[in-house]
């Protein structure tokens, strides 16, 4: 009777070890030693250890309860923050598992909704604990953003021409699209919604910041909506005739439409205008020339 039980134990142990070896090699040796050295009792020990490990990888309550969001308007990229983002992404890929976990937890303590690219890097980590944290955080972010989006959609129904509501709506849409974990069909749906919201904002607010014009033009080009991009660039130039960016965006649109003649006309128009080019603008003009 005992010998049959031992045989059954070791058969199950071999099957378990094969599965563990294929899926998670780092646990193979301690598990094999436990199963061989402690027949029968080893199953309870392994269950307890695996359960403890799973509980340890759950995100803390303070993170899961985070539901407050600021309505942040679109802004130009901060070069210093972009540099920090690159280094943090490297830290989540190149370092030891311990450093990866510490880096990720530091990210999650801040506004992790703004850190989608870094969470994407963490999700690809070979360390199970790091990727688990990232996946849970992204799921929480998706849930909260969807809730926020529905709330703003209701506000838009009540105040469809309120620029601040539209800007908040655009911000949430942009955060959702930046998560990079949407299927292509859903991504396209949000992209068109974002484009139409940008057009709506510019229609109701003729003093809208230039960044919204740029976003609209570039989004239209990314969707191959060339006529929309052309109309948007014409409006941008009409509303901001002294802004160098309006000319460069128009050049980009005509170039995408393979209208070389119009590109050269825009270059001539800019050079003959009273626009004083910035150092970056001079570099861009040299590029187009």
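How much length is gained on full extension from residue 267 to residue 183, taking 0.36 nm per residue of separation minus their Cα-Cα distance?
26.3 nm
I want to check the label-to-label distance for residue 258 and residue 275. Put each point 7 Å from Cα in the C-beta direction and report it in nm to one decimal.
2.6
Using a Förster distance of 22 Å, how high is the FRET efficiency between residue 15 and residue 135, based on the Cβ-Cβ distance and rounded to 0.05?
0.20
With each label point set 7 Å from Cα along the Cα-Cβ vector, what nm distance links residue 227 and residue 153?
2.8
For region 139-263, divide the Cα radius of gyration by the Kirkwood radius and give the resulting Rg/Rh value with two decimals. Please list the in-between numbers first.
Values: Rg = 15.5 Å, Rh = 15.4 Å.
Checking Rg against Rh, the ratio lands at 1.01.
For an R0 of 22 angstrom, estimate the FRET efficiency from the Cβ-Cβ distance between residue 209 and residue 242 and round to the nearest 0.05.
0.90
Please quote Rg/Rh for region 142-201 to two decimal places, taking the Kirkwood radius as Rh and restricting both calculations to Cα atoms.
0.96
If you consider only alpha-carbon coordinates, what radius of gyration and Dmax does region 209-289 have, in Å?
In order Rg, Dmax, the Cα atoms of region 209-289 give 11.7, 33 Å.
Length gain on complete extension for the stretch residue 234 to residue 288, per 0.36 nm per residue less the alpha carbon to alpha carbon distance?
Full-extension gain reported as 17.6 nm.
Read-outs: derived from the displayed coordinates by stated rules, not from any lab. Bear in mind that the values here come from a model prediction, so they are computed numbers and not experimental data. Note: ideal-geometry Cβ built from the backbone for every residue, glycine included; neighbour counts use all protein chains shown.
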